[in-house]
Amino acid sequence: MKNRRKNGDHYRVCANVTPVIEGGKTVGYLSVRTKPSRDEVKLAEATYAQMRESSLTVAR
């Protein structure tokens, strides 16, 4: 994931997001973030470049 700081600079994280469920309803989310390796950043950049240049789509 590529995030932006308040000052406009970017930084990257690996994020795992899980819903918090109480009584069968989602009441929030828990996110665990870690620093990505250089290889993970390269892979993410290549994947997004390919998505921009082709017909690949992201589920929303």
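Computed quantities for the displayed model
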| read-out | value |
| --- | --- |
| All positions within the stretch 4-23 that are touching a Phe, Trp or Tyr at 6+ places or on another chain (Cβ under 9 Å) and either over 19 Å from residue 41 (Cα atoms) or surrounded by 10 or more Cβ atoms within 10 Å (Cβ to Cβ) (or both) | 17, 18, 19, 20 |
| Flag for residue 15 being of a type in the set (A, V, I, L, M) and not in a strand (DSSP E or B) | no |
| Residue selected from the stretch 1-36 under the condition basic (Lys, Arg) and more than 17 Å from the chain's Cα centre (by Cα), by the criterion modelled with the highest pLDDT | 25 |
| Residue tally, condition farther than 29 Å from residue 49 by Cβ and not in a strand (DSSP E or B), over the stretch 18-36 | 2 |
| Given (1) modelled with pLDDT of 95 or more; (2) in a loop (DSSP other than H, G, I, E, B), number of the condition residue 39 does not satisfy | (2) |
| Close pairs from the stretch 41-52: first under 13 Å from residue 2 (Cα atoms), partner of a type outside the set (Ser, Thr, Tyr) and surrounded by 10 or more Cβ atoms within 10 Å (Cβ to Cβ), Cβ under 7 Å, at least 6 apart | 41/12 |
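The values are calculated or read from the model by the stated rules, or taken from the named source; none is laboratory data. Owing to the predicted nature of the structure, the values given are computational and were not obtained by experimental measurement. Methodologically, a virtual Cβ is constructed for each residue, glycine included, from the backbone with ideal geometry; neighbour enumeration extends over all protein chains shown.
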